[in-house]
1. At 0.36 nm per residue, and after removing the present C-alpha to C-alpha distance, how many nm does the segment from Asn71 to Tyr224 gain when stretched out fully?
2. Determine the gain in length on full extension of the stretch Phe109-Glu31; use 0.36 nm per residue of separation and subtract their C-alpha separation, reporting nm with one decimal.
3. Suppose R0 equals 22 Å; then what is the FRET efficiency for Gln278 and Asp148 from their Cβ-Cβ distance, rounded to the nearest 0.05?
4. Would you please give the residues with an amide H less than 5 Å from that of Asn298, counting only those at least 5 places away or on a separate chain, with H modeled from the backbone geometry?
5. Testing the spin-label approximation: label points 7 Å from Cα along Cα→Cβ at Thr205 and Glu353. State their distance in nm.
6. Per residue of the stretch 133-141, in order, report the coupling 6.51 cos²θ - 1.76 cosθ + 1.60 (Karplus, θ = phi - 60°) as ³J(HN,Hα) in whole Hz, putting x for Gly and Pro.
7. What are the ³J(HN,Hα) couplings of the stretch 167-182, residue after residue, when phi is run through the Karplus curve with 6.51, -1.76, 1.60 and θ = phi - 60°? Round to Hz, x for glycine and proline.
8. For n ≥ 4 DSSP H runs only, could you compute -39500 (n - 2.57) per run for the chain, divide by its residues and tell me the 222 nm figure to the nearest 500?
Amino acid sequence: MNERPVKIVGSGIYLPGEPVRFHDIESVLGELDEVSPEFKKWYKRTRNLMYQILGMENYYYAIDRATGRANDTAAGMAAKAARPALEMAGIEPGDVDLLVYGSSSLDRFICPPTSAFVQQELGIDYCAEMTIHSNCTSSYKALQVAHDLVANGRYDVALVCSSNLVSSALKASFFNQAVIEKNQAILRWFLSDGAGAIVVKADETGSPGLYFVDTYVESVGTRYPPHMYNMSGCASEGPIHDHEHGLHHITQDYRDVSQLGPKMFIEGFLKFCDLFKQRFGEEEYVRRILNASYFLVNVPTRHLIDLVADELIVKFSELREASFDLYYSTTEKRGYTGPAAILMTLDKLLRTETLKNHETIVSFVTESSKWMNAGFMLEWRE
């Protein structure tokens with residue numbers, strides 16, 4: 001089957017509420033006032049250290065400050081990001097024939113899928129829809145699915161969207177503070193709510209735009225335990241038992257991820273490069289990867305970005321002179337919005353940069369939940 005050229009024709013974001021500064025996070029999420037005195041001392045001391053490490057200025061939360069309750073849904077935020085994306089593309093919601101939602105934020109744990117709720121929010125009477133359940137890599141997986149199915153002619157217009165609605169699991173009232181762990185409390189300082197959307201369309205006319213070149217997805221965590229997770233699930237003994245033992249708390253071992261994450265990122269990126277060279281040749285590898293104009297990072301902290309950048313330069317001596325910016329990201333101004341972050345970064349790129357003919361954009365991410373990698377390459381064509 002011949003593949004059709006596919007390009008991104010629209011992008012949009014949604015940020016709930018007003019920006020919250022780092023030192024005001026507790027005023028929204030609530031104080032951890034039921035923990036031990038020792039934990040309080042650690043929390044206060046570590047908060048100042050994390051402020052320096054994270055390098056984040058603003059956060060956003062879908063929380064009503066008066067009630068402390070969520071004032072939006074994952075689907076609602078995704079739809080609010082999708083509307084400006086569709087407007088940019090000049091496409092009516094009813095013209096979307098494939099909707100792919102990717103995130104770890106689901107409006108229902110069992111069903112219906114969140115993608116169906118996004119479809120309802122947008123008033124799309126008929127389309128194919130899919131929900132991809134993962135964290136950082138889910139939006140990359142959604143982009144791959146949308147690209148492949150549009151390229152092969154199954155669909156013509158795809159809407160890819162993602163929401164990160166995590167504040168409900170970061171509020172002080174969510175935790176059983178008697179059993180809270182340090183690795184769980186740290187997440188309150190870098191996770192943020194937000195949504196992003198991308199419109200993908202087949203275009204065989206060769207009109208100017210940002211075209212897909214390649215996508216990549218792999219899972220490599222069979223030899224490693226999860227590094228971002230909670231223990232609640234279908235086989236749990238119920239919400240009361242889970243709360244008593246803190247099994248509903250989200251956990252990430254930041255120290256282990258800092259040590260293992262860059263290694264997994266580099267190994268995955270090397271495979272991405274090798275496969276690209278096999279498909280397109282050495283000359284195209286040099287032109288499109290080593291001389292890419294932008295490298296979009298989907299990493300939660302400046303500290304991890306620095307670690308990844310150092311590893312890249314060690315492995316790729318060519319990158320010492322490379323022109324792309326390893327720090328092209330949106331986390332500093334918005335906090336880390338998980339899988340939505342890369343769609344929000346693409347929106348920033350499309351709305352603020354003037355791309356030139358044959359400039360390439362490379363992105364790669366490592367998800368620590370069960371160690372998965374994903375990436376893509378785009379090219380601007382006149």
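Read-outs throughout are calculated quantities, based only on the coordinates presented, and are distinct from any laboratory measurement. Model, not experiment: these values are computed from the prediction. Positions of Cβ are generated from backbone atoms using ideal geometry, with glycine treated the same way; all protein chains shown enter the neighbour counts.
1. 51.4 nm
2. 25.3 nm
3. 0.75
4. The answer is Phe364.
5. A separation of 2.5 nm, rounded to one decimal place.
6. Coupling constants for the stretch 133-141: 9, 6, 9, 4, 7, 5, 6, 5, 5 Hz.
7. Ordered by residue, 3J(HN,Hα) equals 4, 4, 9, 10, 5, 4, 5, 6, 7, 8, 5, 5, 10, 5, 10, 4 Hz.
8. Estimated from H runs of four or more residues: -11000 deg cm²/dmol.
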